[in-house]
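In what follows, a structure is listed as structure tokens, so that the remarks can point back to it.
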Amino acid sequence: MRGFFITFEGIEGSGKSTVARRIDRLLRDEGVDPLLTREPGGTVISEDIRGILLDPDRVEISAKTELLLYLASRAQLVAEVILPAVNNGRIVLCDRYMDATMAYQGWARGLGEDLVRDFNSFAVGPALPDLTFLFDLSVSEGFRRGPDKRESSGIQSRDRLESEDIFFHEKVREGYLRIAETEKKRVMTIDASLPLDSVVETIFRNIKSRIDVQSYRG
Ligand code: TMP
């Protein structure tokens, strides 16, 4: 049986990483063994690339280099982790994926939607998400909250992308909403201003309405 591939997307501070971890735990409570991973990262090579991409001192990275590094990180994650897991019938949960490249590099950096679509397709091949949750939130609220990884890791400094100004992040949000508008079947927009528990409940209910979770038990 082919697995089921779910991605979590949204602007900084939207709570998607925390929710992805909660969904992972809920699936485990049901006897399922999902694979939770993140982008950029998730393999040794991809985590190395993440280090370059998010280093606040690497301000000289050009927009094209940035795009290619995200894609390189993704191609490795797909080959090493995502495709083998999906082909093995597992539920895969990925914190950010190809929509992030469309929103951040294609739309906010202005590299263009057609180009990013083609490059994304080259990087992922058949590993397309079955379902995507887009955590929508105002940029000011996202800034106020700060990324949830900071809460869990205790890291206080902003990474290179978080250091972009509010206009950049407004464009990112706009880019994400455009994707949701054009891909209504795959992308479910979530009101991320709602309490965390209710967001988790909505998402878990939605997953269960689309797949028979029990059939993914090991
Ligand atoms: P994270 O903080 O959610 O782990 O994501 C790392 C940063 O990288 C975040 O600011 C979003 C950004 N990003 C892109 O710009 N393009 C991409 O393709 C991905 C996956 C992330």
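Using beta carbons and a limit of 9 Å, which pairs, at least six apart or on different chains, have the first residue in region 104-127 and free of Cβ contacts under 8 Å to residues at least 24 places away in the same chain and the second one surrounded by fewer than 22 Cβ atoms within 10 Å (Cβ to Cβ) and outside any helix (DSSP H, G or I)?
That search, which allows pairs on different chains as well, returns Ser121/Leu128.
For the subset of region 83-116 comprising residues that are away from the ligand (no atom under 13 Å from the Cβ) and in a helix (DSSP H, G or I), which member is surrounded by the fewest Cβ atoms within 10 Å (Cβ to Cβ)?
Looking at residues that are away from the ligand (no atom under 13 Å from the Cβ) and in a helix (DSSP H, G or I), I get Asp114.
Would you check which residues across region 1-22 are within 22 Å of Pro195 (Cα to Cα) and surrounded by fewer than 21 Cβ atoms within 10 Å (Cβ to Cβ) and list them?
Ser17, Thr18, Arg21, Arg22
Starting from residues that are of a type in the set (Phe, Trp, Tyr) and within 21 Å of Ser138 (Cα to Cα), keep the ones in region 166-218 and report whichever is farthest from the chain's Cα centre (by Cα).
Among those that are of a type in the set (Phe, Trp, Tyr) and within 21 Å of Ser138 (Cα to Cα), it is Phe167.
Which numbered condition trips up Ser140, out of (1) closer than 19 Å to Glu12 by Cβ; (2) part of a helix (DSSP H, G or I); (3) touching a residue at least 40 places away in the same chain (Cβ under 8 Å); (4) touching a helix residue (DSSP H, G or I) at 6+ places or on another chain (Cβ under 9 Å)?
Of the numbered conditions (1) closer than 19 Å to Glu12 by Cβ; (2) part of a helix (DSSP H, G or I); (3) touching a residue at least 40 places away in the same chain (Cβ under 8 Å); (4) touching a helix residue (DSSP H, G or I) at 6+ places or on another chain (Cβ under 9 Å), the odd one out for Ser140 is (3).
Pick from region 53-76 the residues that are among the β-branched types (Val, Ile, Thr) and at pLDDT 95 or above: which of them is nearest to the chain's Cα centre (by Cα)?
If we filter region 53-76 for residues that are among the β-branched types (Val, Ile, Thr), which is where we start, we get 59, 61, 65.
Among the residues that remain, those that are also at pLDDT 95 or above are: 61, 65.
On the way: Ile61: 22, Thr65: 20 Å.
Ranking the qualifying residues of region 53-76, first place goes to Thr65.
The values are calculated or read from the model by the stated rules, or taken from the named source; none is laboratory data. Note that this is a predicted model, so its numbers are computed, not measured. Note that we place each Cβ from the backbone using ideal geometry, even for glycine, and neighbour counts take in every protein chain shown.
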